[in-house]
Amino acid sequence: MEEIECNSTYRQCIHNMFPLRDSIDVLGPKWRIQILVVVKYGNESFTAIQKALEPISPRILSKELKVLEENGLLLREISTAYPTTIRYKWTAHTESIVSLIDTLKDWGQAHRDHLFR
């Protein structure tokens, strides 16, 4: 079997694709960036997040919150007072993507302007 030659351009492409894939895997699904934005603006309880993102289902929201928590983008805080409350907060790691979210928002507005001029 003939070996496929790996030139430097191919290796560079693959090297750059892995971090991009990681970013898309974590932030790409429909609700994740929206959840982060909603939490940033003070909707920290499950109910408040769900209401802000209607029509997201409780099952999907629960799943997405768990993924964001596992990736260190949200912190789940459980109060010890009665009744127990659960709040979701941004982490220091989440702050590192604020400029990305702002850039995506700006591009989205420019894209809307382009489509509807």
If you roll a 1.4 Å probe over the heavy atoms of the protein chains, what accessible area per residue do you get for the chain, in Å²? 77
What is the local net charge at residue 97, summed over the other residues whose Cβ is closer than 13 Å to its Cβ (Lys, Arg +1; Asp, Glu -1)? 0
Under a GNM of the chain (C-alpha, springs under 10 Å), which listed residue has the highest mean-square fluctuation: 59, 11, 76? 11
For q = 0.17, 0.30 Å⁻¹, Debye-computed log10 I/I(0) when each Cα of the range 40-89 counts as one equal scatterer: -0.51, -1.24
Looking only at 56, 14, 35, which one moves most when the chain is put into a Gaussian network model with springs between Cα atoms under 10 Å? 14
Given a 1.4 angstrom probe, I'd like the percentage of the accessible area of the range 1-105 that is carbon and sulfur, rounded to a whole number. 56
Can you give the Rg and Dmax of the range 1-98 based on its C-alpha atoms, in angstrom? 18.5, 68
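The values are calculated or read from the model by the stated rules, or taken from the named source; none is laboratory data. Since the structure is predicted, the reported quantities are computational estimates derived from the model, not experimental observations. FYI the Cβ positions are ideal-geometry reconstructions off the backbone, even for glycines, and counts take in every protein chain you see. Please note that ligands, DNA and RNA were not included when accessible areas were found on the heavy atoms of the full protein model with its side chains. Shrake-Rupley method; radii C 1.70, N 1.55, O 1.52, S 1.80 Å.
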